[in-house]
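Asks: Handing you a structure now.
The values are calculated or read from the model by the stated rules, or taken from the named source; none is laboratory data. Remember, predicted model here, so these are calculated numbers, not experimental data. Because the Cβ atoms are built from the backbone with ideal geometry, glycine has one as well, and the counts that use them run over all protein chains shown. Just the protein is used for accessible areas: all its heavy atoms, side chains included, with ligands, DNA and RNA removed. Shrake-Rupley method; radii C 1.70, N 1.55, O 1.52, S 1.80 Å.
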Amino acid sequence: MNIATGAMNTLLPKLADLVVGEYKLQKGVKREIEELEKELRCITAALHKVSEVPIDQLDEQVKIWAGDARELSYDIEDVVDTFMLRGKGQEHTKSFSLKELIGKASSLYRKAKTNHKIHNVIKDIMDQVKKVSERRHRYKVDNIVARATLEPVDPRLEATYRKATELVGIGGPKKELKKMLARESSTLLQRPKIICILGFGGLGKTTLANALLQDLKPDFDCHFFVSVSFNPDIKKIFKNILVQLDENKYSHIDEAWEIKLLIDKIVKLLKNRRYLCVIDDLWKELPWDTIKLALQDGDHGCKIIITTRNKDVAEHVGGDVYELQPLSNYNSRTLFYKRIFDSVDDCPADLSKVTEKILKKCGGVPLAIITAASLLATKPRCSVEWEKMNKSIGSGSENSHHVDKMNRILRFSYNDLPFHLKTCLLSLGKYPEDHVFRKDVLVWSWTAEGFITPAGSSLQETGEGYLNELINRSLIQPVDYENPFFVLGEKDDVYACQLHDMVIELIMKLSAEEGFVTTSSLSDAEQSGASAVHRTKIIRRLSLHNSSNANALIDERKHLFNKVRSLDVFGRADLMMPALSRFRVLRVLQLEDCSGLDKNHLKDLSNLYLLRFLRLQGLEVSELPESIGKLESLETLDIRGTRSLILLPLSFGKLGKLVRLLAERVELPDGVALESMKSLQELVGVRLTLHAMTEIGKLRDQLKILQLIIEKQTESSSGNSNELIPTCLQMYPSLLQVLVLRTPTVFSLDCLEQVPPGLQTFMCSGFFTVFPRWIDPSLSCLTVLSIRLVRVSVQPEHLDKLAQLPFLDRFLRLRALGPPDEQGKLVIHSSASAFPCLTDLRVRCVLMFLKFEPGAMRKLRRLCLSFNTRVTKKHLRTNNSDYGLENLLSLRHVVVELWEGCPETQGAIWKTINDHPNHPSIDFSCR
């Protein structure tokens, strides 16, 4: 019941603000609010204890109590937010009583209510707080522990006893791991060779580790395999190790032995012996720090194989990390058919199509494939029955011990999350199957709903940390999407993400249990998982998908929309979106397809006083309605995905809390003023005009991210672009971190003679006819750079200037001709000061002119090359394919585009990459 905890955490700071803020409350009112705050803190402490217990182990009364506490906190927060919006900053001629305070808020929140009804609202809230507190004591929630349950068989146990003939798709990974184990350790301090197998739950880490152990154990003096698991008993683990090392001596271990004695016994047994071991299913860092004390004496070629779902744990352990990938389509089919038929050839032709649908849902995860196949093995072999199973597997309506086993494994990952990450993960239940969501959009929606608690950094940075942790725990999958302008202010390479279907299924089950998200795609069986209260009385988050259920749900439950805090519409918004006038306390509004919307659909936006995040994708209107200016709480306005220029309304300047405007192409109308927008930090997609330049200049003390649209280089009423650009940039101080200039490709940027000194990212689509003079080591903060050189031959000194940028670590994109004919290839040297931290290099040129010396670009992980093989071969007649790619020791991903593809060059690059010790992935294309 972690959701209740999160709800309280957003409410409590607001109650404190009411007491100490500028609301001029009577002393008696302050005392009552302080008393209420104390009581809610006690409830929150109890909720923290409840959130640490797996939901399936909670007493039913405790579940009901936690749900009541959550709903109560939401109701109080809605009232407090409304009052704070209307009360802060206004001059009061008198102090308010408690009745008047909540009465004022409730009159805005519930509009046409009589004083008698308002009094009932106040009384009801106060009575509910007392009742919730009384039930907490009655149910003894403060002493909550997990209820006793029959300990199930560990669902991972089967993997250690699977026959070799049943294993599919592990030959390649085993071969790679054997090579890694044979490689010498890079440091003398790390005596045993350690490899961490990292991957999603059910991906086959345990199976692979055990198969590796069975293959290699004849070469070692001794071996053992232990599972650490979710809640490890360290003494039990050490006893297990001792029994495996010497069963005769340690089959009956004295229960009084302490951990230190057990460690000493293991150290003694392993001394001067070459051991091989598997530490399976390591969840946290602390258990490893204890276990490794027994494995210190490993300087005889000892090997330790560790499996984990958590990237942070793998990095903490040290050694090499092997990220296990899902099965290929071929291996997925093979594994699936082996569970049902005697051979692949035995599958009837009419079942192949539905089989592909099922395997797509399984996503190459062996556990999911085995689960699906086990379900189908008991069903008639006809397409109708298999189609039914396909739908039930995706919806989670199928009940069997196979599905239960898979869900238990996935629930381990969920139960291990702290409460704030559980909340964030469950919020992803709003997305349709296979939906790709942008990282920035997700983090901003989390912020708007109050899911993020500041932790010494900005909400944005903290939210990105939350997402990264869920990725590291293998619960969210990053998608290799190409960002047209790379990233705007993001701190890493993750641009977009996706959920595995099995994780979506888990989220939907958990969300139904807690009444967290209501979606139109839920089946009747899934809806039945929610409590009766959640099904009939309360909707806090509503997600409408492009399905036949959407309009039916709207018609059936539209009377429940007055408490909805988040509304997401995936599909044609004009065909599904309910009237916005029903949503009184909405914080998040996200419409994925606004192509059919007009001003009438948006006319009720002005009533959404509490709205903080507004995303309208694909609008086809030429201007936004004036009602936008009434969204007093709005922090994010995202109108990307449009085709034409959108004119902002004059009321735009009234959005005093707006932090970011994100657009493809918008224009500030003459007359709009930005000086009162004291929170504005990001402007993306603003057309550069004389008026825009003047108004943006007023934000010089706060603006951090700026993307300008420069449309032409000729004189107009808006001014001359060649004059506007340098003048505009001179107005901005070092606070500006990201500068993106979107121009026609034929646009010259030679007029740009300087950039803000604190710039971290510079991207442009125009070109330079001379190498920019402002690129030098004084740009000490620059981490991302993309420039295009036309009619410029790259000189060694140009390369030196780029190499000396001290913090250029994330991204360098260089589009250029190449070096002078007589120069040949330019060499990137192994000097520690040359590109010391660059991780991503993208070079597009006519003539491939780079060669990497041994030790060059020591941190480079991604390399993208695009060049003309015919021109390169003509100018570099000898060793034309010798680019030194094998010298890039950290390389993980290579993308090569060859113009006028040459088989000789292509073959040479293939061979170099295939022989590379890291075996990086390679994507080849020719045109």
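Asks: Report whether or not Ser474 is part of a loop (DSSP other than H, G, I, E, B) and modelled with pLDDT of 75 or more.
Replies: Yes; evaluated as a whole, the condition is true for this residue.
Asks: I'm trying to understand the selection: among the residues of the stretch 477-509, which are among the aliphatic types (A, V, I, L, M), surrounded by fewer than 22 Cβ atoms within 10 Å (Cβ to Cβ), at pLDDT 50 or above and touching a Lys or Arg at 6+ places or on another chain (Cβ under 9 Å)?
Replies: Residues satisfying the conditions are Val494, Ala496.
Matching residues to (1) polar (S, T, N, Q); (2) open to solvent by less than 30 Å² (accessible area, probe 1.4 Å):
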{"residue": "Thr307", "(1), (2)": "yes, yes"}
{"residue": "Asp320", "(1), (2)": "no, no"}
{"residue": "Leu324", "(1), (2)": "no, yes"}
{"residue": "Asn331", "(1), (2)": "yes, no"}
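Asks: Within the stretch 650-657, is even one residue buried (at least 19 other Cβ atoms within 10 Å of the Cβ) and either among the acidic types (Asp, Glu) or touching a Pro at 6+ places or on another chain (Cβ under 6 Å) (or both)?
Replies: No.
Asks: While we're here: Which residue pairs have Cβ atoms closer than 8 Å, lie 6 or more positions apart in sequence or on different chains, and pair a first residue in the stretch 195-211 that is of a type in the set (Lys, Arg) with a second residue that is open to solvent by less than 10 Å² (accessible area, probe 1.4 Å) and at pLDDT 90 or above?
Replies: So the pair list comes out as Lys205/Ile197; Lys205/Asp280; Lys205/Thr307; Lys205/Thr308.
Asks: Tell me the strands (runs of 3 or more DSSP E) entirely within the stretch 729-845 that contain at least 1 residues that are more than 16 Å from Leu860 (Cα to Cα) and either in contact with a helix residue (DSSP H, G or I) (Cβ under 9 Å, 6 or more places away or on another chain) or open to solvent by 20 Å² or more (accessible area, probe 1.4 Å) (or both).
Replies: On the way: elements: 738-742, 761-764, 784-788, 811-816, 826-828, 840-845.
Once the strands (runs of 3 or more DSSP E) in the stretch 729-845 are filtered for at least 1 residues that are more than 16 Å from Leu860 (Cα to Cα) and either in contact with a helix residue (DSSP H, G or I) (Cβ under 9 Å, 6 or more places away or on another chain) or open to solvent by 20 Å² or more (accessible area, probe 1.4 Å) (or both), what remains is 738-742, 784-788, 811-816, 826-828, 840-845.
Asks: Restricting attention to the stretch 44-68, which residues are open to solvent by less than 30 Å² (accessible area, probe 1.4 Å), assigned to a helix (DSSP H, G or I) and under 17 Å from His420 (Cα atoms)?
Replies: First, pick out the residues of the stretch 44-68 that are open to solvent by less than 30 Å² (accessible area, probe 1.4 Å): 44, 46-47, 50-51, 53-55, 58, 62, 65-67.
Of the ones still in play, those that are also assigned to a helix (DSSP H, G or I) are 44, 46-47, 50-51, 55, 62, 65-67.
Once the filter is applied, which keeps residues that are open to solvent by less than 30 Å² (accessible area, probe 1.4 Å), assigned to a helix (DSSP H, G or I) and under 17 Å from His420 (Cα atoms), the stretch 44-68 yields Thr44, Ala46, Leu47, Val50, Ser51, Ile55, Ala66, Gly67.
Asks: Among the residues of the stretch 574-610, write down those that are of a type outside the set (S, T, N, Q), closer than 14 Å to Ile639 by Cβ and under 25 Å from the mean Cα position of the chain (by Cα).
Replies: Leu589, Leu591, Glu592, Asp593, Cys594, listed by residue number.
Asks: Just to be sure, is Thr334 over 28 Å from the mean Cα position of the chain (by Cα), among the polar types (S, T, N, Q) and under 24 Å from Leu359 (Cα atoms)?
Replies: On the way: over 28 Å from the mean Cα position of the chain (by Cα): yes; among the polar types (S, T, N, Q): yes; under 24 Å from Leu359 (Cα atoms): yes.
So Thr334 passes the test.
Asks: What is the number of the single condition among (1) modelled with pLDDT under 85; (2) open to solvent by less than 10 Å² (accessible area, probe 1.4 Å) that Asn399 does not meet?
Replies: Of (1) modelled with pLDDT under 85; (2) open to solvent by less than 10 Å² (accessible area, probe 1.4 Å), only one is false for Asn399: (2).
Asks: Tell me which of these His435 doesn't satisfy, since it passes every other one: (1) open to solvent by less than 20 Å² (accessible area, probe 1.4 Å); (2) in contact (Cβ under 8 Å) with a residue 60 or more places away in the chain; (3) outside any helix (DSSP H, G or I).
Replies: In the conditions (1) open to solvent by less than 20 Å² (accessible area, probe 1.4 Å); (2) in contact (Cβ under 8 Å) with a residue 60 or more places away in the chain; (3) outside any helix (DSSP H, G or I), His435 misses (1) alone.
Asks: If you go through the stretch 575-591, how many residues are buried (at least 22 other Cβ atoms within 10 Å of the Cβ), of a type in the set (D, E, K, R) and not in a loop (DSSP other than H, G, I, E, B)?
Replies: 0
Asks: If you don't mind, there's one more thing I want to ask. With Leu841, Leu799 as the choices, which residue is among the aliphatic types (A, V, I, L, M), within 32 Å of the chain's Cα centre (by Cα) and under 28 Å from Pro757 (Cα atoms)?
Replies: Numbers: Leu799 fails: within 32 Å of the chain's Cα centre (by Cα).
Criteria check complete, one pass: Leu841.
Asks: Considering each of Arg612, Arg643 in turn, give the residue that is under 27 Å from Ala692 (Cβ atoms), surrounded by fewer than 19 Cβ atoms within 10 Å (Cβ to Cβ) and charged (D, E, K, R). Let's see the steps before the verdict.
Replies: Numbers: Arg612 fails: surrounded by fewer than 19 Cβ atoms within 10 Å (Cβ to Cβ).
Only one candidate passes the filter, namely Arg643.
Asks: Also, quick follow-up: Against the conditions (1) at positive phi; (2) open to solvent by 20 Å² or more (accessible area, probe 1.4 Å), where does Glu258 fall short? Just the number, please.
Replies: Unmet for Glu258, out of (1) at positive phi; (2) open to solvent by 20 Å² or more (accessible area, probe 1.4 Å): (1).
Asks: Counting just the residues of the stretch 420-440 that are aliphatic (A, V, I, L, M) and in contact with a helix residue (DSSP H, G or I) (Cβ under 8 Å, 6 or more places away or on another chain), which one comes out nearest to Lys14 (Cα to Cα)?
Replies: Looking only at the stretch 420-440, we keep the residues that are aliphatic (A, V, I, L, M), and these are 421, 425-426, 428, 436.
Adding the requirement that they be in contact with a helix residue (DSSP H, G or I) (Cβ under 8 Å, 6 or more places away or on another chain) leaves 421, 425-426, 428.
On the way: Leu421: 22, Leu425: 24, Leu426: 24, Leu428: 26 Å.
Among those residues, the one meeting the criterion is Leu421.
Asks: Identify all residues within the stretch 441-463 that are touching a helix residue (DSSP H, G or I) at 6+ places or on another chain (Cβ under 6 Å) and open to solvent by less than 10 Å² (accessible area, probe 1.4 Å); write none if there are none.
Replies: The answer is Val443, Trp446, Gly463.
Asks: A follow-up question, please. Provide a single number: the residues in the stretch 687-706 that are part of a strand (DSSP E or B) and crowded, with 21+ Cβ neighbours inside 10 Å.
Replies: Residues in the stretch 687-706 being part of a strand (DSSP E or B) and crowded, with 21+ Cβ neighbours inside 10 Å: 1 in total.
Asks: Sticking with this structure for a sec: Suppose we keep only residues that are surrounded by fewer than 15 Cβ atoms within 10 Å (Cβ to Cβ) and assigned to a helix (DSSP H, G or I) within the stretch 20-38. Which one would you say is modelled with the lowest pLDDT?
Replies: Going residue by residue through the stretch 20-38, those that are surrounded by fewer than 15 Cβ atoms within 10 Å (Cβ to Cβ) are 20-22, 24, 27-28, 31, 34-35, 38.
Now drop any that are not assigned to a helix (DSSP H, G or I), which leaves 20, 27-28, 31, 34-35, 38.
Working: Val20: 66, Lys27: 65, Gly28: 62, Arg31: 70, Glu34: 74, Glu35: 73, Lys38: 77.
Looking at residues that are surrounded by fewer than 15 Cβ atoms within 10 Å (Cβ to Cβ) and assigned to a helix (DSSP H, G or I), I get Gly28.
Asks: Of the residues in the stretch 543-565, how many are in contact (Cβ under 8 Å) with a residue 40 or more places away in the chain and either assigned to a helix (DSSP H, G or I) or within 14 Å of Leu586 (Cβ to Cβ) (or both)?
Replies: The initial filter retains those residues of the stretch 543-565 that are in contact (Cβ under 8 Å) with a residue 40 or more places away in the chain, namely 543, 545-546, 563, 565.
Add one more test, that the residue is either assigned to a helix (DSSP H, G or I) or within 14 Å of Leu586 (Cβ to Cβ) (or both), and what stays is 543, 563, 565.
Residues that pass the stated criteria total 3.
Asks: Based on this model, can you work out whether Phe200 counts as of a type outside the set (Asp, Glu) and modelled with pLDDT under 90? Break it down stepwise before answering.
Replies: Working: of a type outside the set (Asp, Glu): yes; modelled with pLDDT under 90: yes.
Taking the combined requirement at face value, the residue satisfies it.
Asks: While we're here: Of the residues that sit in the stretch 411-421 and are surrounded by fewer than 22 Cβ atoms within 10 Å (Cβ to Cβ) and not aromatic (Phe, Trp, Tyr), which one is nearest to Pro54 (Cα to Cα)? Don't jump to the end; show me each part of the working.
Replies: Residues of the stretch 411-421 that are surrounded by fewer than 22 Cβ atoms within 10 Å (Cβ to Cβ), as a first pass: 411-412, 415-421.
Next cut, not aromatic (Phe, Trp, Tyr) only: 411, 415-418, 420-421.
On the way: Arg411: 9, Asn415: 6, Asp416: 9, Leu417: 11, Pro418: 12, His420: 15, Leu421: 14 Å.
This residue is Asn415.
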